[in-house]
Amino acid sequence: EAGVAQSPRYKIIEKRQSVAFWCNPISGHATLYWYQQILGQGPKLLIQFQNNGVVDDSQLPKDRFSAERLKGVDSTLKIQPAKLEDSAVYLCASSFWGSPKETQYFGPGTRLLVL
Amino acid sequence: AQSVTQLDSQVPVFEEAPVELRCNYSSSVSVYLFWYVQYPNQGLQLLLKYLSVSTLVKGINGFEAEFNKSQTSFHLRKPSVHISDTAEYFCAVSDDSGGYQKVTFGTGTKLQVIP
């Protein structure tokens with residue numbers, strides 16, 4: 001079974017530029033999560049999708065971050081414009097249905113450096 | 001609101017020695033607890049999880065954790081560590097309050113196994 005795929009693996013941009021990350025979850029998984037992991041901290045949830053609907057985006061900085069999951073499968077997270085403090089690893093995860101007991105399966109992450 | 005505290009940011013231990021990584025949680029409702037491991041430049045993967053069945057939970061790679069409700073703890077243990085256990089370990093909590101999975105991660109503990 002293929003795992004969660006993410007691309008690119010690494011990205012370096014200048015501040016005020018835009019960047020997009022792509023995630024393809026495990027086949028059949030209805031729930032998809034985007035996390036931000038700043039160096040030395042645990043993952044922080046940015047947005048959670050159930051199929052193509054948003055379940056939780058309370059911690060997404062909506063003035064600069066956006067995410068979509070149009071067909072309920074793969075997803076894109078965008079930052080526009082980027083700030084220095086956006087330097088982090090962006091992790092995508094998926095789970096079968098999103099119930100509280102479920103295991104989340106993580107991709108390898110995209111490491112973003114904003115200069 | 002739920003939260004997780006990992007008291008130790010780094011734990012050095014000699015190879016073949018036992019190790020305990022500490023985790024305390026807070027939640028107003030029944031909880032589910034998880035330990036995830038993150039190897040360098042990789043995403044997180046599940047070690048084990050507590051689902052309100054048995055207080056002693058066994059996971060992969062010889063790890064186990066014990067749920068202690070009175071002390072609100074879920075410490076991770078291994079009787080004899082290997083070099084390959086060098087990684088960062090995250091404790092996480094989820095509960096039934098929202099009807100969907102909302103996981104809060106701790107800040108992580110870096111386990112350094114010394115040969």
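Tell me whether region B:89-111 contains one or more residues that are assigned to a strand (DSSP E or B), buried (at least 19 other Cβ atoms within 10 Å of the Cβ), away from chain A (no Cβ under 14 Å) and modelled with pLDDT of 95 or more.
yes
With a cut-off of at least 1 residues that are within 11 Å of chain A (Cβ to nearest Cβ), name the strands (runs of 3 or more DSSP E) lying wholly within region B:1-84.
Of the strands (runs of 3 or more DSSP E) lying wholly inside region B:1-84, those with at least 1 residues that are within 11 Å of chain A (Cβ to nearest Cβ) span B:3-5, B:10-14, B:31-38, B:44-50.
Can you tell me how many residues in region B:72-115 are farther than 18 Å from B:GLN10 by Cα and touching a strand residue (DSSP E or B) at 6+ places or on another chain (Cβ under 6 Å)?
Total satisfying the criteria: 9.
Only one residue in A:LEU32, A:LEU77 is without any contact (Cβ under 8 Å) to a residue 60 or more places away in the chain and either within 29 Å of A:GLU14 (Cβ to Cβ) or within 11 Å of the chain's Cα centre (by Cα) (or both). Which one?
Checking each option against the conditions leaves just A:LEU77.
Of the conditions (1) of a type in the set (Val, Ile, Thr); (2) away from chain B (no Cβ under 14 Å); (3) surrounded by 20 or more Cβ atoms within 10 Å (Cβ to Cβ), A:THR76 fails just one. Which one is it?
Failing condition for A:THR76: (3).
Is it true that some residue in region A:2-25 is at pLDDT below 95 and touching a Phe, Trp or Tyr at 6+ places or on another chain (Cβ under 9 Å)?
The answer is yes; a qualifying residue exists.
Look through B:TYR89, B:TYR100 and report the one residue that is touching a residue at least 12 places away in the same chain (Cβ under 8 Å) and among the hydroxyl-bearing types (Ser, Thr, Tyr).
Unique residue meeting the criteria: B:TYR89.
If B:SER30 passes every condition in (1) loosely packed, with under 13 Cβ neighbours inside 10 Å; (2) within 21 Å of B:SER80 (Cβ to Cβ) but one, which one does it miss?
The single condition B:SER30 does not satisfy is (2).
Does region A:22-38 contain at least one residue that is more than 24 Å from B:PHE34 (Cα to Cα) and within 14 Å of another protein chain (Cβ to nearest Cβ)?
Scanning region A:22-38, I find no residue that is more than 24 Å from B:PHE34 (Cα to Cα) and within 14 Å of another protein chain (Cβ to nearest Cβ), so the answer is no.
For residues in region A:37-96 being of a type in the set (S, T, N, Q) and in a loop (DSSP other than H, G, I, E, B), which is nearest to A:VAL4 (Cα to Cα)?
Out of the qualifying residues, it is A:ASN51.
The values are calculated or read from the model by the stated rules, or taken from the named source; none is laboratory data. Small disclaimer: the values here were computed from a predicted structure and weren't measured. Note that each Cβ is placed from the backbone with ideal geometry, even for glycine, and that neighbours are counted across all protein chains shown.
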